[in-house]
1. Using Cα pairs under 8 angstrom and six or more residues apart, how large is the relative contact order of segment 2-251, in percent?
2. I'd like the orientation of helix 203-225 relative to the chain: the angle between its Cα long axis and the longest Cα principal axis, in ° from 0 to 90, rounded to 10.
3. Compute the angle between helix 108-140 and the longest alpha-carbon principal axis of the chain, please, reported from 0 to 90 degrees and rounded to the nearest 10.
4. Could you give the C-alpha radius of gyration of segment 99-258 expressed as a fraction of 2.2 N^0.38 Å, taking N as the number of residues it contains?
5. For segment 61-80 and segment 162-181, write down the distance between their C-alpha centroids in whole Å.
6. By count of other Cβ within 10 Å, fewest leading, how are 19, 191 ordered?
7. Based on Cα positions only, what radius of gyration and what Dmax would you give for segment 40-107, in angstroms?
8. Could you give me D for the chain, from Stokes-Einstein at 25 °C and 0.890 mPa s, where the hydrodynamic radius is the Kirkwood radius over C-alpha pairs? Units µm² s⁻¹, please.
């Protein structure tokens with residue numbers, strides 16, 4: 001049972017973004033290329049984001065004496081700093097993609113597909129890691145860990161493996177629940193950044209960074225001060241707010257009637273007819289013809 005539930009969790013994490021992509025492609029007639037651009041933009045943003053956190057942000061937090069913060073305003077500040085880091089890199093990457101890569105993506109539907117790719121690749125990669133962790137934990141179950149890890153880490157490894165298998169089945173599904181919520185947030189961020197182009201104001205990019213930072217900071221703060229279930233509940237509320245935001249910013253798609261897609265063929269011009277009018281001279285002559 002434990003293996004099955006954990007496998008389902010990993011598969012759901014990987015399958016959800018693909019199902020969302022299929023729905024958007026079929027119902028909104030979207031191109032999968034936008035999904036791929038969103039995925040590429042997420043990966044590209046992490047190439048800069050992860051080193052920045054490791055080499056600059058974390059040392060700065062340590063110098064400020066905030067690394068061990070576990071409650072109160074100090075923890076809130078650390079959570080906000082990490083949230084801002086994620087928002088600046090990821091939403092900045094979204095803006096650059098709209099600006100230079102997908103210049104024709106200026107509709108609500110295209111923003112949905114772009115955002116699904118951005119959040120989708122994150123969910124897929126985390127699902128793949130969850131599946132790898134399951135294989136690893138299953139392989140190490142009942143194994144003499146002293147033959148696998150250094151002697152000074154055997155006790156820690158045993159505790160981690162035991163905790164992994166002792167988690168109740170519903171806790172094993174929290175990963176899929178979190179990714180579903182995160183997908184909603186990621187799509188809303190793509191829609192927010194789009195407004196910088198459709199409404200011509202960079203304040204919308206700042207709004208996206210702020211919303212991103214708020215959600216991430218809330219998650220980091222809550223998991224440190226409460227429990228994982230309440231944390232996931234708060235993230236789910238953020239997902240509902242994100243869905244409301246997505247539909248509040250929905251704009252009419254450009255009109256494309258059937259006539260626009262298949263215009264009527266041009267009508268042939270009428271054939272030239274020889275004039276039947278008579279000149280005044282011929283008219284006078286005709287009066288005397290008997």
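Rule-based calculations on the coordinates, nothing more; no lab input. Only a predicted model underlies this, so the values are computations on that prediction, with no experimental measurement involved. Positions of Cβ are generated from backbone atoms using ideal geometry, with glycine treated the same way; all protein chains shown enter the neighbour counts.
1. Averaging sequence separation for qualifying contacts and normalising by length gives 33 percent for segment 2-251.
2. For 203-225 against the chain, the angle is about 20 degrees.
3. 30 degrees
4. Numbers: Rg = 20.8 Å, N = 160, 2.2 N^0.38 = 15.1 Å.
That ratio works out to 1.37.
5. 27 Å
6. 19, 191
7. Looking at segment 40-107, its Cα Rg and Dmax stand at 15.2, 47 Å.
8. Values: Rh = 22.8 Å.
Once the numbers are plugged in, D ends up at 107 µm²/s.
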